[in-house]
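Have a look at the structure below before the remarks.
The values are calculated or read from the model by the stated rules, or taken from the named source; none is laboratory data. Remember, predicted model here, so these are calculated numbers, not experimental data. Methodologically, a virtual Cβ is constructed for each residue, glycine included, from the backbone with ideal geometry; neighbour enumeration extends over all protein chains shown. Areas reflect the complete protein model, heavy atoms only, side chains present, ligands, DNA and RNA absent. Shrake-Rupley method; radii C 1.70, N 1.55, O 1.52, S 1.80 Å.
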Amino acid sequence: MVQSIDRAMMIIDILMSDDAKNGWQISELAEKTSLPLSTLHRLLSSLVQHGLVAQTPETKHYKAGYRWMEIGLRLLDNVDFRFVARSAMERLASEVEESIYLNITNGTEGIVIEKVDSPLKIRIAEDLGTRIPLHIGAPNKTILANMPEHEKKRIIGLLQLSSQEKQKLMNQLSEIRRSGYAISVGEKTEDTAAVAAPIIGYDNKVIAALSIGGPAFRFTSECIPGLIEKVKTASAEISMKIGKI
């Protein structure tokens, strides 16, 4: 049984080893695996039956089956982003001594779903579950900027903004997407500031934003570049953990 599993996974690894290849001949698989054709036929038939391998009828070539995508999507749905992000958030809070937030979207709003408070006495206190319109604040703008163009325009169309304000927002979002981060000062609460970067998940889709928030007086021109690099590094780490390749 164990040997069969090992051989099956060897076949799958080969089928997934070359993105540019549309399919593999059984002779190529036999050469790569050094397995007898009879054994290879038996294993491939079983893998095809379970949807883990597909065979193109016209060419008889083999490729990885769509069942893997189904399995991957199910695993992704079960990922607790808060649990995955927590260690990176705690480390970031310790490094910068500011509060760290994790935001996701719901309609035209962003929601704080996790936070690590600053160890300092003077800090920003944002409650979990706080909803903020997507055009306000660095984390929300970061998410909006990295959405597909049609989704971004649809959401902006729903916001209570003038045509001039919408165009200004679109220009700002283009710059945020290009640079990979966003900065906001006093957009939601006076005398506060935030620096945020996107968390990118399956299929290069933005799923959340990681941000550093604190009193504006501590976000000086000297320290902001360091904060930007740290939040980008932490968000990239979280993205890798949830499956970004």
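Which one is right for this structure if Cα Rg over 2.2 N^0.38 Å is calculated from it: [x] 0.99; [y] 1.32; [z] 1.19?
[y]
Once you charge only the Cβ atoms, +1 for Lys and Arg and -1 for Asp and Glu, what is the size of the charge dipole of the chain about its Cα centre, to the nearest 20 debye?
420
Express in whole angstrom the spacing between the alpha-carbon centres of the range 107-162 and the range 187-244.
12
Can you compute the FRET efficiency between Thr33 and Glu58 using 1/(1 + (r/R0)^6), with r the Cβ-Cβ distance and R0 = 22 Å? Round to the nearest 0.05.
For R0 = 22 Å, the calculated efficiency reads 0.40.
Against the longest principal axis of the chain, how steep is helix 149-158, in degrees 0 to 90 to the nearest 10, with axes from Cα atoms?
40
Picking from Gln25, Val231, Leu169, whose Cα lies most toward the positive end of the charge dipole for the chain (charges on Cβ: Lys, Arg +1; Asp, Glu -1)?
Gln25
Work out the length of the dipole vector of the range 3-70 about its Cα centre, built from +1 on the beta-carbon of each Lys and Arg and -1 on the beta-carbon of each Asp and Glu, and round it to the nearest 20 debye.
It works out to roughly 200 debye.
What residue among Gly186, Met240, Leu47 has its Cα farthest toward the positive end of the dipole of the chain, where the charges are +1 on Lys, Arg and -1 on Asp, Glu, each on the Cβ?
Leu47
Can you work out the FRET efficiency for the pair Gln25 and Ser4, with r the C-beta to C-beta distance and R0 = 22 Å, to the nearest 0.05?
0.50
Find which of Ser87, Pro148, Ile104 sits farthest along the positive direction of the dipole of the range 79-243, computed with +1 on the beta-carbon of Lys and Arg, -1 on that of Asp and Glu, about the Cα centre.
The residue sitting most towards the positive pole is Pro148.
Please compute the per residue accessible area over the chain with all protein chains in place, 1.4 Å probe, rounded to a whole number of Å².
Heavy-atom accessible area per residue stands at 57 Å².
Take the chain, connect every pair of alpha-carbon atoms lying under 10 Å apart with a spring to form a Gaussian network, then pick out the residue of Arg178, Arg42, Arg82 with the largest mean-square fluctuation.
So, out of Arg178, Arg42, Arg82, the one fluctuating most is Arg42.
Which shape class, rounded, prolate or oblate, goes with the range 3-70 when its Cα gyration tensor gives a ≥ b ≥ c as root eigenvalues, a/c under 1.5 marks rounded, and past that a/b bigger than b/c marks prolate?
Rounded.
Heavy atoms only, probe 1.4 Å: what % of the accessible area of the range 3-70 goes to carbon and sulfur, would you let me know?
52
Per DSSP H run of n ≥ 4, the term is -39500 (n - 2.57); total these for the chain, divide by its residue number, and report the mean residue ellipticity at 222 nm rounded to 500 deg cm²/dmol.
Mean residue ellipticity at 222 nm (helix-derived): -15000 deg cm²/dmol.
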